Amino acid sequence: MSTRNDEMRETWDRSFAEQIERHAYNTAPVEALVRSVSYYLRERYDQEQLRGLHFAEMGCGAGPNLVWLADRGITVSGVDISPTALELCRRTLDAAGHADRVGDLVEASVSDVPLPDESLDGILESCVYQHLDRDDRLGAFREVDRLTKPGGLFVGHMLEQGHTVFEQHAAEQEADDPGTLILVEGGSNIYLTNIGLSHFFTKDEVRSLLPGWQTVDPCLLQYEIPVDEARKRGYEHYRQSMLVVYAVK
Ligand SMILES: C[S@@+](CC[C@H](N)C(=O)[O-])C[C@H]1O[C@@H](n2cnc3c(N)ncnc32)[C@H](O)[C@@H]1O
């Protein structure tokens, strides 16, 4: 792995160790993913056929999305750069009674995944690709294209440029990577303004990243967070702006 991957592994591993200590890691499936996957499956498969499917999540973390898939009988694999996250993910799947539905839990970067071409019926990602630099981001989408079977699904959940943080800092975009901000303002690292690199996608950009796919449908999801919380973050109003990308190869 590259030096940047080593740094990412260290950062995320530290974050997961802390989350485990505080019992603060994500245990709920992401609603936007659940709705999109449910729609896709309902249109194509009956209950029995779900057992023949293999889905993977890129940056699976503690694995709540994989548990949701395995609950439906689907075989699941997870890719994550953090060994601590993967260990937690395996424990979570075991505790949910899904040890026999686990394909591979792979310690790797999402931009270079050691799984075979066209081996997956579906790929999910939530809030992972948005923190990759340009080369890794392009690599991550190339891997989605390579790994997905024809007719297979990709669902992604990522920052969009209508976000208040992007609008306020638009002048600071990286010159060679429009849409990318590198912000380290101090304070809690749950805030984008202290997380380092964040990339804010556009709908057209996402469409261009999966060329040749039958469907690439990025749906915009925006909402204002409560004013008290906005003020805590130094804003009068704070709009979250995300794309939920539904794509069929
Ligand atoms: C924000 S968490 C999301 C976890 C999970 N998707 C969820 O919805 O609960 C981001 C996850 O991506 C992983 N990650 C970050 N960068 C990565 C990379 N380049 N390759 C693989 N995994 C990565 C982190 O270790 C972490 O588990």
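The values are calculated or read from the model by the stated rules, or taken from the named source; none is laboratory data. Only a predicted model underlies this, so the values are computations on that prediction, with no experimental measurement involved. Positions of Cβ are generated from backbone atoms using ideal geometry, with glycine treated the same way; all protein chains shown enter the neighbour counts. Accessible surface areas use protein heavy atoms only, side chains included; no ligands, DNA or RNA. Shrake-Rupley method; radii C 1.70, N 1.55, O 1.52, S 1.80 Å.
What the table below lists for this structure:
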{"item": "Rounded to 10°, Cα long-axis angle of helix 31-44 versus longest principal axis of the chain", "result": "30"}
{"item": "Long-range amide H partners of Q161 with built H, under 5 Å", "result": "F201"}
{"item": "Whole-Å semi-axes of the ellipsoid equivalent to the chain (Cα gyration tensor, √5λ, descending)", "result": "28, 21, 18"}
{"item": "Sequence-separation-based contact order of the chain, relative, with Cα cut under 8 Å and 6+ spacing, percent", "result": "16"}
{"item": "Rounded if a/c under 1.5, otherwise prolate or oblate - region 88-181, Cα gyration tensor axes", "result": "prolate"}
{"item": "Accessible area of region 1-132 belonging to carbon and sulfur atoms, whole % at 1.4 Å probe", "result": "45"}
{"item": "Three-way shape label, region 1-144, alpha-carbon gyration tensor, a/c 1.5", "result": "oblate"}
{"item": "Size of electric dipole in the chain: Cβ of Lys, Arg +1 and of Asp, Glu -1, about Cα centre, debye, nearest 20", "result": "620"}
{"item": "Residue among L69, L153, L138 with the largest mean-square fluctuation in a Gaussian network model of the chain, springs linking Cα atoms under 10 Å", "result": "L138"}
{"item": "Pairwise Cα inverse-distance average, inverted: Kirkwood Rh of region 91-143 (Å)", "result": "12.9"}
{"item": "Long-range HN-HN contacts of V106 with modeled amide H, under 5 Å", "result": "G78, V79, D80"}
{"item": "Qualifying lysines (Cα of each under 22 Å from Cα of K149; at least 8 residues distant if same chain)", "result": "K249"}
{"item": "Backbone HN-Hα couplings from phi across region 52-66 [Karplus 6.51/-1.76/1.60, Hz, Gly and Pro as x]", "result": "x, 9, 10, 10, 9, 10, 8, x, 6, x, 6, x, x, 6, 5"}
{"item": "Helix-derived mean residue ellipticity, 222 nm - over the chain, DSSP H n ≥ 4, -39500 (n - 2.57), to 500", "result": "-10500 deg cm²/dmol"}
{"item": "Solvent-accessible heavy-atom area per residue, rounded to whole Å², over region 15-114 at 1.4 Å", "result": "48"}
{"item": "From phi via Karplus (6.51, -1.76, 1.60), per-residue ³J(HN,Hα) for region 19-29 in Hz, x at Gly/Pro", "result": "4, 5, 4, 8, 6, 10, 7, 6, 10, 10, x"}
{"item": "Low-density loop positions, GluC sites (Glu not before Pro), region 209-249 - DSSP coil, at most 12 other Cβ in 10 Å", "result": "E236"}
{"item": "Equivalent-ellipsoid semi-axes of region 137-234, from the Cα gyration tensor, Å, largest first", "result": "29, 15, 12"}
